[in-house]
Amino acid sequence: MRVFFDARQLGHAPTTYFRRGAAMPHQEQPRRAEILRDMLIGEGFEIVAPRDHGIAPIKAVHNPDYVDFLPDAHARFVADAEPGALAIPTMHPGRRRGKEPKDIHGQLGWWMTDTSTPLTEGSWDAAYWSAQCAVEAAEEIMADRRAAYALCRPPGHHAMRDCSNGFCFFNNACIAAHHLRQKFGKVALIDVDVHTGNGSLDILYDRGDIFFCSLHPDPATYPTFYLGHADETGAGEGAGKSLNLLLEQGADEAAVLAALDKGIAAIREFGAEALVVSLGFDMAADDPLAAVAVYPNGFAEMARRLAALDLPTALIQEGGYLGPSLADNGRAFLTSFREATA
C-alpha cells in the first residue's frame, strides 16, 4: 500500500482561530502530517509525491467560482489589511441571497463559513496538493491496486461544495470518490472521523451513485453542528443513500465498532464496487478534540473490519490532532490495513 504526500502540504500554517468565543492556538498544524509521515517511514511504507492532475478533479466537486477565489486570496488580503491582520472572515452573508462581493473581506465571508480556515501564504498550495494526493490515491486503485493512502493535510471532509469549513478547503474524500466513478459504477464513502462529515453530506446528498455514511456524536450538541442528523438520509436520486450513525459523547470502542458494523452492512447492501474512507484519528481518547474513546487496538480493529469488505480502497486522512497517541493510532490502523490487504 503506497502513501501519497507532498511537502507543499506543510505550507498552510494557521496560528489562531476562535472557538466558543475565545481565540486559541489553531489545532490543524503542519506537525500533524510530519508525525504521521515519519511514522510511516519508520514502518517501511513507500511515500510518493502525487502527480499534478490539474484543477478539473477539484472543480468537478466544488463550485468553480469558489475554487477560483482561493489561489490569490491571501495575497489580496495582505495587500488590503492592516499589518499583522489574520485572513479570517469577520462578516458573513447569512443566507446566500445577493451576489458575491468584489471586496476581499466580503469575499472571505462569502466563501468561508467560520474562523477555522484562515488563509496563510502557503494555504493554496497546501490545499491544492492535498487534493492531488486524494486524486492520486483514486488513480492508484483504478489501476487495480488493492489500497492506497493519501496523507491529506489540510483535511477535507467539512468542506462543502461552495465553501470552506472546519479546517477544510477542498473535500478530498469526495474528490476521490467522484474520480473513482470513472471506473466503478457504485462507490461508498465512510467517514470515521469523530466529527460529522458535513461537507461530504452536503456534496453527496442527492447522488445515487455514491453512498455516504458518517459515524459521529449528535450534531445537536457537538460540532460541527447543523448537518449529520439521523433523519438526513438523502434526497432525489440520493434518497436512502446517506446514513448518519450517531454516537454518545464518551462512547467506548465497543459502541464505535458496533456503529462501524452498521455502516459496513449498509455498504454491502448498497453493492459498492470501491470504497473511500475518511480516516480521522480524532476518535482517540486523548485527542485534543476528543469526544469518544478509541485506543490503538480499536483503530487496528476498525482497519481489519473495513479491509474485510474486500473492496479497492482509498484511505483519505482527515482529523487527528497533536495528542500523545497520534503516531500510535496511525501505526495501528495503517499497518493493520496493509497486512489485511497484502
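Entry note, the chain: relative contact order of 18 percent, from Cα contacts under 8 Å with a spacing of 6+ residues. If you take the Cα centroid of the stretch 1-42 and the Cα centroid of the stretch 245-265, the two points sit 26 Å apart. What shape does the stretch 131-287 take by its C-alpha gyration tensor, where a ≥ b ≥ c are the square roots of the eigenvalues and a/c under 1.5 counts as rounded, a/b above b/c as prolate, and the rest as oblate? Here the stretch 131-287 falls in the rounded category. Pairwise inverse Cα distances across the stretch 153-194, averaged and inverted, put the Kirkwood hydrodynamic radius at 11.0 Å. For the stretch 45-95, the Kirkwood hydrodynamic radius comes to 14.2 Å, computed from all pairs of different C-alpha atoms. Here are some pairs, LYS99/LYS241; LYS59/LYS186; LYS183/LYS241; which of them have Cα atoms lying more than 30 Å apart in this structure? Where the Cα-Cα span goes over 30 Å, the pairs concerned are LYS99/LYS241. For the stretch 148-287, the relative contact order is 26 percent, taking Cα pairs closer than 8 Å that sit 6 or more residues apart in sequence and dividing their mean separation by the residue count. Among TYR17, ALA56, SER278, pick out the residue whose Cα is farthest towards the positive end of the charge dipole of the chain, where Lys and Arg carry +1 and Asp and Glu carry -1 on C-beta, about the Cα centre. In the chain, that residue is ALA56.
Directionally averaged projected area (the stretch 64-141, Cα convex hull): 6.2 nm².
If you look at the Cα atoms of the stretch 163-246, you get an Rg and a Dmax of 12.2, 39 Å. Neighbour counts of C-beta atoms inside 10 Å place GLU248, GLU232 in the sequence GLU248, GLU232, starting with the fewest. Exposure proxy ranking for HIS179, HIS157, HIS74, HIS12, based on other Cβ atoms within 10 angstrom of each Cβ and starting from the fewest, stands as HIS74, HIS179, HIS12, HIS157.
Placing unit charges on each Cβ (+1 for Lys and Arg, -1 for Asp and Glu) gives the chain a dipole about its Cα centre, and among ALA176, GLY156, ALA230 the Cα reaching farthest toward its positive end belongs to ALA176.
Taking a ≥ b ≥ c as the square roots of the Cα gyration tensor eigenvalues, the chain comes out rounded, since a/c falls below 1.5. Globularity index of the stretch 200-287 is 1.08 (Cα radius of gyration / 2.2 N^0.38 Å, N = number of residues). The ellipsoid equivalent to the alpha-carbon distribution of the stretch 1-59 has semi-axes of 27, 19, 8 angstrom, derived from the gyration tensor eigenvalues as √(5λ) and listed largest first. For the chain, a crude dipole built from +1 on the beta carbon of Lys and Arg and -1 on the beta carbon of Asp and Glu, taken about the Cα centre, is about 440 debye to the nearest 20.
Per-residue ellipticity at 222 nm computed for the chain from its helices equals -10500 deg cm²/dmol, with DSSP H segments shorter than 4 residues left out and the rest contributing -39,500 (n - 2.57). Plainly put, the stretch 7-153 has a radius of gyration that is 1.01 times its Kirkwood radius, both from alpha-carbon atoms, as the Rg/Rh ratio.
Each value in this text was obtained by applying a stated rule to the coordinates, not by laboratory testing. Predicted model, so just to flag it, every value in this text is computed and none were measured. Note: ideal-geometry Cβ built from the backbone for every residue, glycine included; neighbour counts use all protein chains shown.
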